[in-house]
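Read-outs throughout are calculated quantities, based only on the coordinates presented, and are distinct from any laboratory measurement. Since the model is a prediction, treat every value here as computed from it, not as a measurement. Neighbour counts run over all protein chains shown; Cβ positions are idealised from the backbone, glycine included.
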Amino acid sequence: MGVLLSLLLSAFASALIPVINIEAILVVADAKTDVPMFALALAAGVGQMAGKWLWYWGGTNVERASWVRTYMEKPKAQASLAKWQERAEGRPVFTGGLLFLSAWGGIPPYAVLSVLAGVIKVRLWVFLVTGLAGRTLRFWTVLGGVELIRSWF
């Protein structure tokens, strides 16, 4: 249980501070414990999504910054934001799919998409469900790959 909590907290920290490599921590945790791989991946996914939710929340409140407010007063910026919000609202499956692929594959960086999801007001449940699924699958894939390579030696 202590391993899972430590991993969850490490994943939370890595979601906020990109130089903390959660994949490396995850691989070490797997090597040092007999906790099932999926439990490790899920703990890391939950921790990551707790941190990414803060990025998302920041995106929902970004207009409070004076320089953003000044920029958003321009008609062109308002029209562009309205267009993106309309696309996100009208196509939650597409938006969720893009979030899932970014959470799993890392391109574009998921922290960036987390902020953008907040800015264009993607539904919170879509953001959380797709992100948790993508991040957990990503970490499970990393652990599975390491196990495969270890089996060769």
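What to note about this one:
- Spatially proximal lysines relative to Lys74 (Cα-Cα < 18 Å; intrachain offsets below 8 disregarded): Lys83
- Excluding same-chain neighbours fewer than eight residues apart, the aspartates and glutamates reachable from Lys76 by a Cα-Cα span under 16 Å are Glu63, Glu86.
- Peptide packing for 48-54, 101-107 was compared via the average number of neighbouring C-beta atoms within 10 Å per residue; ordered from the highest value, the list is 48-54, 101-107.
- Computed over the range 2-151, relative contact order equals 31 percent, with contacts defined as Cα pairs under 8 Å that lie 6+ residues apart.
- Reported label for calculated percent of Cα pairs over 22 Å apart given [x] 56; [y] 45; [z] 41: [y]
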